[in-house]
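What follows draws every value from the coordinates through simple rules; no lab data is involved. Note that the structure is a prediction, hence the values are computed from the model and not measured. Positions of Cβ are generated from backbone atoms using ideal geometry, with glycine treated the same way; all protein chains shown enter the neighbour counts.
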Amino acid sequence: MKIYSGAIISCDRENRVHKYLVEDKGRILYAGDELPAAYRGARTEALGARALLPCFGDTHLHFASYALFNAGMDVRRAKSLPELGERIKEFARASGDKLLMGFGASPHCVAERRLISRSELDRACPERPLFLVKYDGHACILNSRLIEMLPAKVKTLRGFHPETGEMNQEAFFAVTDFVTKKISLPRTLKNMLSAVDEMAAKGIGLMHTASGVGFPFDLDVTLETILGRGLNTGFQTRLFFQTMDLDKVRRRKLPRVGGCFATALDGGMGSQDAALRLPYSNNPGNRGVLFYTDEEVVKFTKQANREGLQIEMHAIGDAAFDQAVMAIEAALRDRPRPDHRHGIIHACLPTEEGLRKCASLGIHIPFQPAFLDWDLEPLDYVRSILGDRAGEISPLRKMTDMGIVLSGSSDAPCTLPDPIAGIRAACNHYVPGQSLTIQEALKIFTYNAAWTSFDEKERGSLEAGKVADMVILNRDPLAMKPGELLELKVEQLLLKGEPYKKGQGMLSLLAKGLLAGGKI
C-alpha cells in the first residue's frame with residue numbers, strides 16, 4: 001500500500017483535485033481530501049511541487065510505422081536540402097541495410113522551400129534504394145534505385161511521379177506496401193519494444209494504433225496484437241484495423257475498424273489533396289481528392305455498424321469531413337446504437353452543420369493538437385493554400401462547447417508522441433478564443449482518451465476502484481500559465497501502481513503475447 005499526498009489531479013468528470021490518493025496492488029483504493037484512519041501509517045510519498053495525474057493516452061497513431069521510422073533516419077531538423085543530403089549520406093555510411101528508410105522531408109522548413117527531388121536523392125544515395133517519407137505521412141520521395149525495383153502495376157497508379165520521385169495517393173500506398181514487406185520480423189519487434197519505451201518516457205500508458213498497411217498478410221496487425229498482449233508492464237494497446245474488408249476484422253475478432261490509408265476519405269494539406277468544398281486559394285482548379293464515392297463509404301459504415309464495430313475514418317478537408325458525418329449518420333439511421341463511439345480522425349476543417357451532427361449523434365474526434373504548432377507544416381503555408389479558411393482549422397473551443405468529445409493524439413510518426421507538447425498546443429491555439437483550458441487539455445489526453453475506447457470504467461481518471469495507471473509531473477499544470485506548459489516534465493510513469501521498467505526482451509514478449517488473451 002502507498003499513499004500519495006499533494007496535488008492529485010483526478011481528470012474525472014467533475015474535474016476534482018484531491019490531496020490524497022491511496023494505491024494498493026495496482027488499484028486505487030481512495031482519492032480525496034481527508035485521509036481515512038485505516039490508511040494512516042502506510043508508506044507515503046509527498047509530491048511537494050509535483051502533481052499526480054492519470055497516465056496519458058494517444059488516441060491515434062500508426063504504431064508499426066512510428067516504430068520503424070523511430071529507429072531509422074529522421075530528417076525533420078534539416079534546414080536546407082544540402083544538409084538533408086548530408087544526413088542521408090551519413091546514415092547510409094553507418095547503416096548496413098540493403099534498403100534505406102527515412103522520415104520527415106518537408107518543403108516548409110528548408111531554405112529552398114521545396115521537397116528534395118529524385119535526382120538529389122540519387123546524388124546522396126546512388127547505390128542503395130532509398131524510401132524517404134514526407135512529414136505528413138501521405139507521400140514519399142524515392143531515388144532511382146528504388147523506382148527501378150517497383151512492380152509494374154505501381155507505375156500505373158494515381159500519384160506516381162517518376163520525374164520528381166514523389167509518390168502520393170494510391171501510388172504512395174502501393175510503394176509503402178512494397179517497402180515494408182522487406183523488413184525482417186526480429187527488427188520489427190525490436191523497433192516496437194524500443195518505441196513503447198519512448199512513449200512511456202513521455203507518460204503514455206495507453207495507445208490507439210491504426211494498423212493494416214504495408215505488411216504481407218497484415219503482419220503489422222498480428223505483431224501489434226502480440227505486443228499488446230505480451231507486454232509485461234501494463235501498457236495498454238487498442239487496435240483499429242485500417243481496412244474496409246470486414247472479413248479481415250471478423251477473422252481476428254476485433255471490435256474496431258478504421259484509421260487512415262484504406263479508411264482515409266481524403267489526403268492531407270501538405271500534398272494539397274485534402275478534399276475541400278471550395279478550391280484551394282493558390283490553385284482554383286484543385287479541390288483535393290475524395291478517395292471513395294458516398295455510396296462506397298455508406299456501404300462500409302452501415303455494415304460495420306450493423307456488426308457492432310466501432311468505426312473511425314480519416315477526414316481532413318471539409319468535403320471529407322461532411323462525407324464521414326453523412327456516412328455515420330446513415331449507418332446510425334439504418335441501425336441505431338446509443339453508445340457507438342464512432343469517430344472522425346483529424347477533422348481539421350469541419351463544417352458548422354457537420355459539427356452540429358457530431359454533437360447530436362455522439363461522434364467524437366481524435367485530433368492532433370501538435371498540428372496547430374507544427375514547424376513542418378507552418379501556419380503561413382496553411383494560409384497560403386486556404387486563405388481565410390486557415391482560421392477555421394480545429395476550432396477546439398467551439399467543438400468543446402458544443403459537447404463533442406475530443407481526444408488527444410499525435411498521428412505518429414507525423415508528430416512524435418508527446419502529450420505535454422499536445423497539451424501546450426491545445427491551450428495556445430493561434431486563433432484567439434479557440435484554445436482549451438489547461439484542465440480541458442489534460443482531460444483530452446486522459447479521461448477522454450480512455451472513454452474513446454470504452455476504457456473509462458477502468459482507466460483515464462484517478463478514482464477509487466480504477467487501475468492505478470498514473471504519471472508524476474515535475475510541476476502542477478493547474479498552477480501554470482498556458483505559455484509555460486512546455487516546462488512540464490514527466491518524472492515517472494506508474495502502471496498498475498508500479499514504476500515502468502523498460503527493456504523487455506523479444507522472447508518474453510512472444511511467449512506471453514502468443515499465449516495470453518486480453519483486450520486489444
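For the chain, take the longest principal axis of its alpha carbons; what is the angle in degrees between that and the long axis of helix 185-201, to the nearest 10 within 0 to 90?
50 degrees
Give me, ordered by chain and number, the residues 5 or more places off Ala412 or on other chains with an amide H under 5 Å from its own placed amide H.
Excluding prolines and chain starts, which carry no amide H, the hits are His62.
Taking only Cα atoms of segment 66-180, what ratio of Rg to Rh do you get with Rh as the Kirkwood inverse-distance radius? Can you show the working numbers first?
On the way: Rg = 12.8 Å, Rh = 13.8 Å.
For segment 66-180, the value is 0.93.
Which translational diffusion coefficient, to the nearest whole µm²/s, is obtained for the chain from the Stokes-Einstein equation, given a Kirkwood hydrodynamic radius over C-alpha pairs, 25 °C and 0.890 mPa s?
Answer from the Stokes-Einstein relation: 104 µm²/s.
So who's got an amide H within less than 5 Å of the one on Gly259, skipping anything under 5 residues away but keeping other chains? H placed 1.01 Å off N, in plane.
Glu312, Met313, His314
Mind sorting Met269, Met480, Met313 by how few other Cβ atoms lie within 10 Å of their own Cβ, fewest first? List each step's numbers first, then the result.
Working: Met269 25, Met480 17, Met313 30.
With the fewest neighbours first, Met269, Met480, Met313 line up as Met480, Met269, Met313.
Could you size up the charge dipole of the chain around its Cα centre, putting +1 on the beta carbon of Lys and Arg and -1 on that of Asp and Glu, and report it in debye to the nearest 20?
Magnitude of the dipole: close to 1300 debye.
Using the Cα centre of segment 458-520 as origin and beta-carbon charges of +1 (Lys, Arg) and -1 (Asp, Glu), tell me which of Ser508, Pro482, Met470 is placed farthest towards the positive end of the dipole.
Final value for the positive-end residue is Ser508.
Excluding residues on the same chain fewer than 8 positions from Lys155, give the aspartates and glutamates whose Cα lies under 18 Å from its Cα.
Output for Lys155: Glu163, Glu166, Glu170, Asp177.
Based on C-alpha coordinates, I'd like the Rg and Dmax of segment 283-393, in Å.
15.0, 44
What is segment 415-482 by shape, rounded, prolate or oblate, if you read a ≥ b ≥ c off the alpha carbon gyration tensor as root eigenvalues and call it rounded for a/c under 1.5, prolate for a/b larger than b/c, and oblate otherwise?
prolate
Straight-line reach from Lys299: which aspartates and glutamates have Cα under 13 Å away, leaving out those fewer than 8 places along the same chain?
By straight Cα distance, Lys299 reaches Asp245, Glu307, Glu329, Asp334.
Please compute the length gained on full extension between Ala37 and Thr437, using 0.36 nm multiplied by the number of residues separating them and subtracting their Cα-Cα distance.
Gain on stretching Ala37 to Thr437: 140.4 nm.
Could you tell me how many degrees, from 0 to 90 and to the nearest 10, lie between the Cα long axis of helix 294-306 and the main elongation axis, the longest principal axis, of the Cα atoms of the chain?
30 degrees
Evaluate the charge dipole of segment 66-180 about its Cα centre and quote only its size in Debye, nearest 20, assuming +1 on the Cβ of each Lys and Arg and -1 on the Cβ of each Asp and Glu.
Values: 17 positive and 15 negative charges, 14 e Å.
Roughly 60 debye for segment 66-180.
Just want the answer: with Cβ charges of +1 for Lys and Arg and -1 for Asp and Glu, which residue in Cys414, Leu157, Leu227 is farthest toward the dipole's positive end in the chain?
Leu227
Can you compute the helix-only [θ] at 222 nm over the chain? Use -39500 (n - 2.57) per DSSP H run of at least 4 residues, normalise by all residues, nearest 500 deg cm²/dmol.
Helix-only estimate at 222 nm: -9500 deg cm²/dmol.
Aspartates and glutamates near Lys89 by alpha-carbon distance under 18 Å, same-chain residues fewer than 8 away left out - which ones?
Here the aspartates and glutamates satisfying the reach criterion relative to Lys89 are Asp74, Asp97, Glu120, Asp122, Glu127.
What's the extension gain from Lys489 to Ala330 if we count 0.36 nm per residue and subtract their Cα-Cα distance?
On the way: separation 159, 0.36 × 159 = 57.24 nm, distance 4.43 nm.
Extending this stretch completely gives an extra 52.8 nm.
In nanometres, what is the gap between the two model label sites at Asn474 and Ala49, each 7 Å from Cα along Cα-to-Cβ?
Between Asn474 and Ala49, the simple spin-label model gives 1.0 nm.
Quote the FRET efficiency, to the nearest 0.05, computed for Asn15 versus Glu458 with a Förster distance R0 of 25 Å and r equal to the Cβ-Cβ distance.
FRET efficiency, Asn15 to Glu458: 0.80.
Note down the magnitude of the dipole of segment 302-349 about its Cα centre, charges +1 on Lys and Arg C-beta and -1 on Asp and Glu C-beta and zero elsewhere, to the nearest 20 debye. Before the final figure, lay out each step's value.
Numbers: 6 positive and 7 negative charges, 46 e Å.
The calculated dipole for segment 302-349 is roughly 220 debye.
Report, to the nearest 10°, how far helix 506-515 tilts away from the longest principal axis of the Cα atoms in the chain, using its own Cα long axis and a range of 0 to 90°.
Between helix and principal axis, roughly 80 degrees.
Need one number: nm distance between label points at Arg250 and Asp24, each 7 Å from Cα along Cα→Cβ, rounded to one decimal.
Taking the simple label geometry, Arg250 and Asp24 are separated by 4.8 nm.
Along the charge dipole of the chain, which of Leu396, Met73, Leu189 sits closest to the positive end, that is, farthest toward it, with unit charges on the beta carbon of Lys, Arg, Asp and Glu (+1, +1, -1, -1)?
Leu189
Any idea how far apart Lys398 and Ala152 come out in nm if each label point goes 7 Å out from Cα toward Cβ?
In this crude spin-label approximation the distance works out to 5.1 nm.
Kindly work out what percent of the DSSP beta bridges joining two residues of segment 66-180 are antiparallel, to the nearest 5. Don't jump to the answer; show the numbers that get you there.
Working: 8 of 15 bridges.
Within segment 66-180, antiparallel bridges account for around 55 percent of the total.
Starting from the Cα of Lys519, move 7 Å in the Cα-to-Cβ direction to define the label point; list residues of segment 3-24 whose amide nitrogen is under 16 Å from there.
Counting only backbone N, you get no residues.
Restricting to the chain, what percent of DSSP beta bridges are antiparallel, rounded to 5?
45 percent
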